[in-house]
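What follows draws every value from the coordinates through simple rules; no lab data is involved. Since we're looking at a predicted model, the values are computed, not measured. Virtual Cβ from ideal backbone geometry, glycine too; neighbours counted across all protein chains shown.
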C-alpha cells in the first residue's frame, strides 16, 4: 500500500551549510551564528593586532636608532667639539704717554758766535808791522767770532708722546666647548631629556622574540615558524 503523505521527492532539501546554521530550532541556530561572528571578529582582531605590532616594532626601531640615539650622539659630539677659526682684529690704538730720553750728544762743528757784552782779553798778541806785540784788548759787544765746537752735551728729559696707531692682525682661536658655559646645557639635554627616552625604548620589544607571547618554550616554535622570531 502506497504512503499517503508527501513523497520524499517533494520534500525541500536542506543544503549542508544551511543545515549547520539552521537545524529547525532557534536556540542552536542563534548560538551557531554567534559563534561564527565571534570567530570572525577574533580572526580580524588577531590580524589587526599582528599588523599593529609589526608597525610598532618598526616605529620603535626608527625612534631609537634614528631619532633618540642620533640626537644623543650629536649632543655628545657637540659637547666634545672645538671652535677653530681666525678672528681678524682691526682697530686704532691711541697712545698717550711720556717717554724719558737720556743720552749724551757729541757736538763737533764749526760755528760763528756773537759776543753779547764787551769781553776783555789779556795778553793778546797784536801784530804791528809783522811784529807781535802782547797787550790787553777788549772785544766789543756784537763782535762775531768763528769758533770750532768739540764737546759732549748730556740730554736728560721727558718727551710726551701722543699717537694713533692702526692695528690689523689675525688671531687664531681654538675653544673647546666642554670648557665653556655651553657644556652644562648639552649635559642637561643628554642626561635629563634624552636618557629617559633611551631607557624607555630599550625596554620596549623590538620584535616578536622580545614579546611575552613568544618567550615561553611552548609558543616559541610557533613564533619562529609563523612570525619569523629569532
- From the Cα centre of the range 140-185 to that of the range 36-74, the distance in Å is 77
- Task: Would you order 35, 181 from fewest to most other beta-carbon atoms within 10 Å of each residue's own beta-carbon?
- Result: 181, 35
- Task: May I ask you to derive the FRET efficiency for residue 96 and residue 175 from their Cβ-Cβ distance with R0 = 30 Å, giving the value to the nearest 0.05?
- Result: 0.35
- Message: For a protection proxy built on the mean count of beta-carbon atoms within 10 angstrom, sort 191-202, 162-173, 137-148 highest first, please.
- Response: 191-202, 137-148, 162-173
- Item | Rg [Å, one decimal], Dmax [Å, integer] - the range 118-198, C-alpha atoms | 43.2, 127
